[in-house]
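Readers should treat all values here as calculations from the given coordinates under stated rules, not as data from a laboratory. A quick note: this is a predicted structure, and the numbers were derived from the prediction, not measured. Here Cβ is always computed from backbone atoms with ideal geometry, including for glycine, and neighbour counts include all displayed protein chains.
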Amino acid sequence: MGRPGPFSLVMLPSVQTVRFGAAARQESTKLLVFLRGVIDSEAEPAWTAFLSAIHAEALKAGVRSVVVEFSSVEFIMSVCISRMLRWLVAVEELGQPQRYEVVLRGRGKAQERTLMAMHRLAPETSRVVIAGRAA
């Protein structure tokens, strides 16, 4: 079975806690994910559920890429990075035509180091963009 058309309707998740927010929208063949605030132990259950929902919706919609915008993230706890890595590995293990690219966008050296470390675990399906340039 092939991919659904580029305008498949999906129910995009959003999350709002005291210090963390996440939302997504679909544009043609990609999902855009916007993160803000602090992704710490308080946000971890919502973060984990959000990542699962994004993965499910990406598969359901048959998107070619998921762009995750980290520029407004102040801090991400190691356990939450671990959840992100699990998602990247799950995408990496998908066969064609289900596999999609994950674009990790951030700003500054600290985010660049973190996002590049994530990319190294799933180099076939992820890419990093820092402040408008490919890292």
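Say R0 is 25 Å: what FRET efficiency, to the nearest 0.05, do residue 90 and residue 49 get from their beta-carbon distance? My answer for the efficiency is 0.95.
Computed over the chain, the percent of Cα pairs more than 26 Å apart is 16. Spin-label model, residue 18/residue 78: points 7 Å from Cα along the beta carbon direction are separated by 2.4 nm. Between residue 28 and residue 99, the simple spin-label model (points 7 angstrom out along Cα→Cβ) gives 2.3 nm.
Hey, fewest Cβ within 10 Å first, where do 89, 73, 68, 15 land in order? Intermediate values should be presented prior to the final figure.
Values: 89 12, 73 20, 68 26, 15 17.
Least to most surrounded, the residues fall as 89, 15, 73, 68.
Can you give me the C-alpha center-to-center distance between the stretch 58-73 and the stretch 93-135, rounded to a whole angstrom? Between the Cα centre of the stretch 58-73 and that of the stretch 93-135, the gap is 11 Å.
Could you work out [θ]222 nm for the chain from helices alone, using -39500 (n - 2.57) per DSSP H run of at least four and dividing by all its residues? Round to the nearest 500 deg cm²/dmol.
Numbers: 3 runs with 47 residues, N = 135.
That calculation yields -11500 deg cm²/dmol at 222 nm.
The modelled label-to-label distance for the pair residue 107/residue 131, using points 7 Å beyond Cα in the direction of Cβ, is 0.9 nm. Most simply put, the stretch 17-134 has about 35% antiparallel DSSP beta bridges, counting only bridges with both residues inside it.
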